[in-house]
Amino acid sequence: MKPKVYITRRIPDSIIARIEKECEVSIWPETDIPVPREVLEREIVDADGLFCLLTESVDKELIAKAQKLKVISNMAVGYNNIDIEAAKEKGILVTNTPGVLTETTADLTFALMMASARRIIESSNYLRNGNWKTWSPMQLTGQDIYGATLGIIGMGRIGASLAKRSKGFDMNILYYNRSRKPLLEKEMNMKYVDFDTLLSESDFVCIMTPYTPETKNLITYRELSLMKKTSILINTARGGIVNEEDLFQALKNGEIWAAGMDVFVQEPVPLDHPLLTLPNVVTLPHIGSASVNTRMKMADLAAVNLLLVLNNNPPLHLVV
Ligand code: DGY
């Protein structure tokens, strides 16, 4: 008998077909509406494999309902949506999709740095709203990227790729990480500094760490007030790492100059969120890895991980 797999969203047909060759597949058919909790609770009961997205909370209660689940394959590198301990206790393997999204996410992070520093969205709106009456010396002036100091918090794959990009802009690179990366440090000519030094000396502070209990609210008013008044905070990691109320206050009080946010505590971010009222915040709907090629690779890798486990082989990327 073929193993049963539940896929929590409409993913590309070629990937579904690939899974269907080996499994009996049920799928939540929507592309832009997440699977309702009650449907997921029903489907997980007799599933052997779950193919899910970061929008699904695969928590203890949900995992408790699974009777024969062998694998939770997350189509994301981050896995903070999954209760890893609960899965481990039940002997369920959790897999993710690192690597394939590294360059695309680093690209987007750099794009956010540039958009925030050079006021790209604000300037475009300025023109379209009919405010462009003349060229003037200090009109829509921003901050330089070239030659500035980039502070990277979290030197994993994406952090390293961001560092690589910044070399082309002759940026000075500071980084903070749980462990030092001596080889990379040399290769990229980066300087390892303590957390507070990174905050106070950087022109751009980019958050590139996973979301864990340790990184929750890593950036609060205290950290923002250590930053330069001309500096820019970029978050393409996870919303909960930055305290959004504190960020709003810090921007209002001029503690920092601008922010670029691809991720939020609540996603989709509510339209009445205070951060959306500020012109110096560039806001994106969690599109760090959103290139056609990369999303195809992520879906493909999530399928490979799932099928490997269902065939009693080790997955390519095991979380636990
Ligand atoms: C991830 O993979 O964790 C990103 O947030 C989405 O690509």
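The values are calculated or read from the model by the stated rules, or taken from the named source; none is laboratory data. Please read these numbers as outputs of a predicted model, since none were measured by experiment. So basically every Cβ, Gly included, is an ideal-geometry build from the backbone, and we count neighbours across all protein chains shown.
Across the stretch 266-296, which residue is nearest to LEU69 (Cα to Cα) among those that are away from the ligand (no atom under 16 Å from the Cβ) and surrounded by 13 or more Cβ atoms within 10 Å (Cβ to Cβ)? Break it down stepwise before answering.
Initial filter on the stretch 266-296 (away from the ligand (no atom under 16 Å from the Cβ)): 270-282.
From what's left, surrounded by 13 or more Cβ atoms within 10 Å (Cβ to Cβ): 273-276, 278, 280-282.
On the way: HIS273: 38, PRO274: 41, LEU275: 40, LEU276: 41, LEU278: 45, ASN280: 46, VAL281: 42, VAL282: 41 Å.
Among those residues, the one meeting the criterion is HIS273.
Please count how many residues of the stretch 222-249 are closer than 28 Å to LEU140 by Cβ, more than 22 Å from the chain's Cα centre (by Cα) and either within 16 Å of the ligand (Cβ to nearest atom) or surrounded by fewer than 23 Cβ atoms within 10 Å (Cβ to Cβ) (or both).
6
Identify, from the list LEU40, LEU53, the residue that is within 19 Å of ILE287 (Cα to Cα), within 26 Å of the chain's Cα centre (by Cα) and modelled with pLDDT of 95 or more.
LEU53 is the lone residue from the list that is within 19 Å of ILE287 (Cα to Cα), within 26 Å of the chain's Cα centre (by Cα) and modelled with pLDDT of 95 or more.
May I ask you to list pairs of residues, at least six apart or on different chains, whose Cβ atoms are under 9 Å apart, with the first in the stretch 104-126 being within 15 Å of ALA258 (Cβ to Cβ) and the second being aromatic (Phe, Trp, Tyr) and assigned to a helix (DSSP H, G or I)?
So the pair list comes out as ARG119/TYR126.
Given the condition assigned to a loop (DSSP other than H, G, I, E, B), surrounded by fewer than 19 Cβ atoms within 10 Å (Cβ to Cβ) and more than 21 Å from the chain's Cα centre (by Cα), answer yes or no: does some residue in the stretch 13-22 qualify?
no
Taking into account only those residues within the stretch 297-316 that are assigned to a loop (DSSP other than H, G, I, E, B) and closer than 12 Å to VAL71 by Cα, which is farthest from the ligand (Cβ to nearest atom)?
ASN312
Report the residue count in the stretch 48-80 for those that are within 14 Å of the ligand (Cβ to nearest atom) and among the polar types (S, T, N, Q).
Total satisfying the criteria: 4.
Here are the criteria: (1) in a loop (DSSP other than H, G, I, E, B); (2) of a type outside the set (Asp, Glu); (3) buried (at least 16 other Cβ atoms within 10 Å of the Cβ). Tell me which single one TYR146 does not satisfy.
(3)
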